Amino acid sequence: MADVGTGGLYRRLVGPLLSRDEGADAEQLSQLTLQALAQVSLRRQWPLVNTTLAGLAAELQRPDLRLEQTLFGCRFQNPVGLAAGFDKNAVAAGIWHLFGFGFAELGTVTWHPQPGNPRPRLFRLAAERAALNRMGFNNGGAQAALRTLERQQLPPAGQRPAVLGINLGKSKVTPLELAPDDYASSLELLAPLADYAVINVSSPNTPGLRELQDEVQLRRLVERLRRLQGCPPLLVKIAPDLDDEAIDAIARMAYEEGLAGVIAVNTSLNRLGLEQRRIPQTGRTLAEEAGGLSGAPLRGRALEVLRRLRAVAGPGLPLIGVGGIDSPEAAWERITAGASLIQLYTGWIYEGPELVPAILEGLSQQLDRHGFRSIGEAVGSGAPWR
């Protein structure tokens with residue numbers, strides 16, 4: 001592609017900032033971006049803004065009927081989504097499809113507003129195309145998220161150009177034994193606006209949260225949420241650090257409880273060979289730092305967990321692959337290993353807006369080369385990249 005348009009601007013203006021660990025604060029950069037996108041989402045019907053956004057869509061969207069799927073009652077225009085954690089407060093919910101995404105997951109939202117952990121709490125690992133974060137579910141709370149979504153005047157659930165999921169977490173102030181009620185309060189409020197909802201029990205940055213991945217605890221939580229009137233399709237997001245026995249238990253539970261799917265994986269407490277990598281801002285090594293690792297180093301482990309889930313749950317349970325997807329090849333690898341959908345976060349930050357159309361073009365190309373009539377045929381096929 002010529003070095004023009006959104007991708008070219010991103011490479012010229014943002015690329016240099018992302019090429020070094022030091023310099024512009026990673027969290028501040030993302031906040032500035034979201035503040036701008038929030039204003040655009042609110043004003044997307046204004047004539048000048050609308051014209052500009054139409055140009056953005058023409059540049060980044062890649063319509064292909066073969067990439068469409070209907071999963072858990074939701075119609076996905078394509079399998080590439082924005083992972084939770086980027087648009088925590090749902091401020092840009094109205095425009096994610098214009099970047100080429102088939103779906104976007106908003107949040108993580110908690111019932112109580114919370115500031116998150118002390119700063120600095122987000123660090124670039126530029127050479128490794130990775131990041132370390134210990135954000136701690138910083139967000140304005142479920143009631144603020146509802147107001148934000150209502151202000152954007154979105155089409156009703158099921159009638160949007162991109163599917164919108166809402167990722168829910170436990171408030172830090174809520175004791176673990178009251179977690180089901182905490183999640184239920186958020187879901188009850190936001191369910192009418194969600195195409196699907198995700199139970200996030202796998203962030204490493206809220207004390208005790210990962211204990212909810214225990215099969216008994218998780219089943220209790222799911223059963224509480226399923227009793228809510230108008231409960232949307234429910235998925236659970238799991239950690240990459242679970243052992244095989246725990247992964248198998250969650251796969252079985254998801255199938256038995258009729259969950260809509262499983263998202264694999266969240267960030268990792270494992271340093272994946274980077275234990276001695278030093279963070280310039282703190283002077284400490286990754287082994288000494290708290291937080292979850294994301295990006296390219298997570299690719300191998302995320303793929304292992306996905307394959308394990310697929311083997312135990314079978315093809316009937318939709319899986320969403322996330323973690324270390326930063327190229328068309330990585331996306332195809334995850335889909336052919338069993339993911340019906342994939343999500344981007346760290347890879348999208350480093351590679352920029354051109355990553356989504358590049359992945360969509362790559363997927364369409366692979367369908368051609370393998371003779372698949374739809375992306376659904378490729379899911380779990382084991383077909384190699386050609």
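Here's a check for you: in segment 265-291, which residue that is open to solvent by less than 60 Å² (accessible area, probe 1.4 Å) and at positive phi is nearest to the chain's Cα centre (by Cα)?
If we take residues in segment 265-291 being open to solvent by less than 60 Å² (accessible area, probe 1.4 Å) and at positive phi, then Gly291 is nearest to the chain's Cα centre (by Cα).
Whether any residue in segment 212-219 is open to solvent by less than 40 Å² (accessible area, probe 1.4 Å) and among the β-branched types (Val, Ile, Thr) is what I want to check.
No: segment 212-219 contains no residue that is open to solvent by less than 40 Å² (accessible area, probe 1.4 Å) and among the β-branched types (Val, Ile, Thr).
Could you please find all residues in segment 236-288 being within 23 Å of Leu82 (Cβ to Cβ) and either of a type in the set (D, E, K, R) or in a loop (DSSP other than H, G, I, E, B) (or both)?
Once the filter is applied, which keeps residues that are within 23 Å of Leu82 (Cβ to Cβ) and either of a type in the set (D, E, K, R) or in a loop (DSSP other than H, G, I, E, B) (or both), segment 236-288 yields Lys237, Ala239, Pro240, Leu259, Ala260, Val265, Asn266, Thr267.
Of these, Val49, Val14, which one is touching a Lys or Arg at 6+ places or on another chain (Cβ under 6 Å), farther than 30 Å from Arg373 by Cβ, open to solvent by 30 Å² or more (accessible area, probe 1.4 Å) and not aromatic (Phe, Trp, Tyr)?
Numbers: Val14 fails: touching a Lys or Arg at 6+ places or on another chain (Cβ under 6 Å).
Unique residue meeting the criteria: Val49.
Take the residues of segment 105-132 that are touching a Gly at 6+ places or on another chain (Cβ under 6 Å) and either part of a strand (DSSP E or B) or at pLDDT below 95 (or both): which is surrounded by the most Cβ atoms within 10 Å (Cβ to Cβ)?
Out of the qualifying residues, it is Glu105.
Condition (residue is under 24 Å from Cys74 (Cα atoms), over 18 Å from the mean Cα position of the chain (by Cα) and surrounded by fewer than 24 Cβ atoms within 10 Å (Cβ to Cβ)) applied to segment 327-344: is it met by at least one residue?
There is at least one residue in segment 327-344 that is under 24 Å from Cys74 (Cα atoms), over 18 Å from the mean Cα position of the chain (by Cα) and surrounded by fewer than 24 Cβ atoms within 10 Å (Cβ to Cβ).
Of the numbered conditions (1) part of a helix (DSSP H, G or I); (2) basic (Lys, Arg); (3) in contact (Cβ under 8 Å) with a residue 40 or more places away in the chain, Arg12 fails exactly one; give the number of that condition.
In the conditions (1) part of a helix (DSSP H, G or I); (2) basic (Lys, Arg); (3) in contact (Cβ under 8 Å) with a residue 40 or more places away in the chain, Arg12 misses (3) alone.
For residues in segment 368-386 being part of a helix (DSSP H, G or I) and surrounded by 20 or more Cβ atoms within 10 Å (Cβ to Cβ), which is farthest from the chain's Cα centre (by Cα)? Walk me through how you get there before you give the answer.
Keep residues of segment 368-386 that are part of a helix (DSSP H, G or I), which gives 368-370, 375-378.
Restricting the remaining residues to those that are surrounded by 20 or more Cβ atoms within 10 Å (Cβ to Cβ) gives 375, 378.
Values: Ile375: 20, Ala378: 21 Å.
Going through the qualifying residues, I end up with Ala378.
Looking for something open to solvent by less than 10 Å² (accessible area, probe 1.4 Å), in contact with a Lys or Arg (Cβ under 7 Å, 6 or more places away or on another chain), in contact (Cβ under 8 Å) with a residue 40 or more places away in the chain and not hydrophobic (A, V, I, L, M, F, W, C) - is there at least one such residue anywhere in segment 351-362?
Yes: one or more hits.
Looking at Arg299, Arg252, Arg277 in this structure, which one is touching a Leu at 6+ places or on another chain (Cβ under 9 Å) and not hydrophobic (A, V, I, L, M, F, W, C)?
Answer to the selection: Arg277.
For segment 173-199: of the residues being open to solvent by less than 10 Å² (accessible area, probe 1.4 Å), assigned to a helix (DSSP H, G or I) and among the hydroxyl-bearing types (Ser, Thr, Tyr), which is farthest from Asp214 (Cα to Cα)?
Only one residue fits best here, namely Ser186.
Among the residues of segment 75-132, which ones are at positive phi and under 15 Å from the mean Cα position of the chain (by Cα)?
Gly85, Ala90, Gly100, Gly107, listed by residue number.
Residues in segment 59-69 that are open to solvent by less than 80 Å² (accessible area, probe 1.4 Å) and either more than 30 Å from Ala197 (Cβ to Cβ) or not in a loop (DSSP other than H, G, I, E, B) (or both): how many?
Residues flagged as open to solvent by less than 80 Å² (accessible area, probe 1.4 Å) and either more than 30 Å from Ala197 (Cβ to Cβ) or not in a loop (DSSP other than H, G, I, E, B) (or both) within segment 59-69 amount to 5.
Return only the number of the condition from (1) hydrophobic (A, V, I, L, M, F, W, C); (2) more than 16 Å from the chain's Cα centre (by Cα); (3) open to solvent by less than 30 Å² (accessible area, probe 1.4 Å) that Met135 does not satisfy.
Going through (1) hydrophobic (A, V, I, L, M, F, W, C); (2) more than 16 Å from the chain's Cα centre (by Cα); (3) open to solvent by less than 30 Å² (accessible area, probe 1.4 Å) one by one, Met135 breaks only (2).
Are any of the residues in segment 70-90 assigned to a loop (DSSP other than H, G, I, E, B), open to solvent by 50 Å² or more (accessible area, probe 1.4 Å), of a type outside the set (Gly, Ala, Ser) and more than 30 Å from Ile279 (Cα to Cα)?
yes
The values are calculated or read from the model by the stated rules, or taken from the named source; none is laboratory data. Model, not experiment: these values are computed from the prediction. Cβ atoms come from the backbone with ideal geometry, glycine included; neighbour counts cover every protein chain shown. These area figures cover heavy atoms from the full protein model, side chains too; ligands, DNA and RNA do not enter into them. Shrake-Rupley method; radii C 1.70, N 1.55, O 1.52, S 1.80 Å.
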